[in-house]
Structures are given as C-alpha cells and as structure tokens.
C-alpha cells in the first residue's frame, strides 16, 4: 500500500510552527504544530477540543470564512489541520496568528459547548488550558513567513 504524504514527513526534524502540508486541487492543507512530535507533553484532549471549537468559530466568522474548508485535530495530539481554498499563504499565516491571539485572550462561554445538543462531548473542554497553549504558541509563529512553511528536508 502506498504511504500517505503526511507519513513521509520526517517527524524527528519537525518543530512547532505552521507548515504547508499538501495541495489537492484547490484545497490547501496546513499543519499547525504546537508540539514537537514524539516529545511529550502532548496537547490534552480537553484543550484540543476547546481550541477546535474556538478556532473553527473564529475562522468561519472571519473575512475568509467562505474559504475555510476544515479545521480539526491531529490524532497524535501535536496540532491541527487547517484546510482552505483561494487564500494567499500570507493571509493564512495572518489569520492563524490572529486566531491564536484571540484564543489566548478568550474569556467567554465556549461556542457550541453549552449543552449536549450542540456538541458530542460538551463536558470535555478546558478553556484555561486552551488559552495557555495558545499563549505559548504565539511566540513560535510570530514573524512566520511563507518561506517558513516548508518542512525541513
């Protein structure tokens, strides 16, 4: 069986940051890595869940909302996948930076997590943890450029 592209990236060299993972027609996938692979601590599930709710809400309500295809967690708990169409790399980076700043400062009820009708696991969230991880990630992506989107060979 052919190995998928994301398993061909050398995870031993991968550092936290934003990376261009793949382009499938008009859909561009970015890897948002908050944790160096295979170097715990990994993102706790409640933190990931909260970041997912906040990031997806902010992205879909941004000026680029119609370009957002998907935002979701990596199973390895090191980060997230962000899929978009029709956006320049600079705009994607700026949007990610803005959203993580918003997450770091967010102090309201988590969108889509007020009851079981809104979320399949509405009790498993950690807003203080999400703010802390976002705050930790901001210096990593400060000054990020399209040239830094490449995985290290």
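We did not get these values from a lab; they are worked out from the coordinates using the rules stated. Fair warning: this is a prediction, and the values are worked out from it, not measured in the lab. FYI the Cβ positions are ideal-geometry reconstructions off the backbone, even for glycines, and counts take in every protein chain you see.
Quick notes
- Considering segment 12-43, and only residues there that are free of Cβ contacts under 8 Å to residues at least 12 places away in the same chain and assigned to a strand (DSSP E or B), the residue that is nearest to residue 104 (Cα to Cα) turns out to be 23.
- Of all residues making up segment 110-131, the number that are without any contact (Cβ under 8 Å) to a residue 40 or more places away in the chain and either surrounded by 17 or more Cβ atoms within 10 Å (Cβ to Cβ) or more than 16 Å from residue 48 (Cα to Cα) (or both): 6
- Of all residues in segment 83-100, those that are more than 15 Å from residue 26 (Cβ to Cβ) and buried (at least 16 other Cβ atoms within 10 Å of the Cβ) total 6.
- For first residues located in segment 139-153 and over 15 Å from residue 94 (Cβ atoms), partners that are loosely packed, with under 10 Cβ neighbours inside 10 Å and lie 6+ apart or on another chain with Cβ distances below 8 Å do not occur.
- Complete set of residues in segment 51-80 that are surrounded by 16 or more Cβ atoms within 10 Å (Cβ to Cβ) and within 23 Å of residue 39 (Cβ to Cβ): 51, 52, 55, 73, 74, 77, 78, 79, 80
- Test result for residue 138, under 24 Å from residue 67 (Cβ atoms), surrounded by fewer than 18 Cβ atoms within 10 Å (Cβ to Cβ) and within 16 Å of the chain's Cα centre (by Cα): yes
- On the stretch given as segment 68-78, residues that are out of contact with any helix residue (DSSP H, G or I) (no Cβ under 9 Å at 6 or more places or on another chain) and within 26 Å of residue 147 (Cα to Cα) total 3.
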